[in-house]
Amino acid sequence: MNNIFTFGPQSETAWSLAFTLFLPLFAAYIEAERDLEDINYNQDVALSLWQRDRDADKARFVNALNGLQHLPVRLPEDRPLQCIARLISRMIDRDDPMLPRQLHREMKACFFHDYQVRGFGPIAQHRNALLIQARHMVDAMIALPFFDYLPEDGFAPSEWEEAEGPLLVAV
């Protein structure tokens, strides 16, 4: 078979294969969260299937993310995949409410320097395509409703109550 006409890099690794399988799970989780947002987290029994689907998608997503982090890095081209997987993991842990937005800003500021593979070969192009797709998904994830009240540019919910009082008195 002539390798000129084959698609994809010549050297697939565990990281590239697993990351390729991880991206659809990430997208399914984001879509399930958006579905819940569309129904406003209604507790109606008829809508409970969306909650069940979101929980199943989240479990698959988290399991795949944890599995990714235990893979060995055999090529330097896989290092950015590992970095973005760690970033996603830190963002969903949410121990510190400021951390996801801060990590997102840092990723956007240094994406083309720290989260890209240098070079023009098929391996670099393949890894960079995966990384750009992951970046778009991280952007979509940070727009999910549970990240809405993280202080970045606006008020946090507790600040709304404090700021709303004087406004209502003035009216």
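The values are calculated or read from the model by the stated rules, or taken from the named source; none is laboratory data. These numbers were taken from a predicted model, which means no experiment stands behind them. Every residue, glycine as well, gets a Cβ built from its backbone with ideal geometry; the counts of neighbours run over all protein chains shown. Ligands, DNA and RNA are stripped out before the accessible areas are found, and what is left, the full protein with its side chains, is counted by its heavy atoms. Shrake-Rupley method; radii C 1.70, N 1.55, O 1.52, S 1.80 Å.
Do we find a residue being modelled with pLDDT under 90, open to solvent by 30 Å² or more (accessible area, probe 1.4 Å), part of a loop (DSSP other than H, G, I, E, B) and closer than 20 Å to F146 by Cβ anywhere in the stretch 117-130? No. Within the stretch 103-114, the set of residues being open to solvent by 30 Å² or more (accessible area, probe 1.4 Å) and in contact with a helix residue (DSSP H, G or I) (Cβ under 9 Å, 6 or more places away or on another chain) comprises E106, K108, D114.
Residue-by-condition table, conditions (1) in contact (Cβ under 8 Å) with a residue 24 or more places away in the chain; (2) within 17 Å of V138 (Cα to Cα):
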{"position": "N66", "(1), (2)": "no, yes"}
{"position": "I84", "(1), (2)": "yes, yes"}
{"position": "L87", "(1), (2)": "yes, yes"}
{"position": "D96", "(1), (2)": "no, no"}
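Take the residues in the stretch 3-31 that are surrounded by 12 or more Cβ atoms within 10 Å (Cβ to Cβ) and polar (S, T, N, Q); name whichever of them is modelled with the highest pLDDT. Filtering first and then ranking leaves T20. Among the residues making up the stretch 122-137, a single one is within 11 Å of E77 (Cα to Cα) and among the small types (G, A, S): A124. Of all residues in the stretch 15-55, those satisfying the criterion of being touching a helix residue (DSSP H, G or I) at 6+ places or on another chain (Cβ under 8 Å) and of a type in the set (A, V, I, L, M) are A18, L21, L23, L25, A27, A28, I30, A32, L36, I39.
When you check D95 against the structure, is it at pLDDT 90 or above, at negative phi and over 13 Å from the mean Cα position of the chain (by Cα), yes or no? Considered against the rule, which asks whether it is at pLDDT 90 or above, at negative phi and over 13 Å from the mean Cα position of the chain (by Cα), D95 comes out as no.
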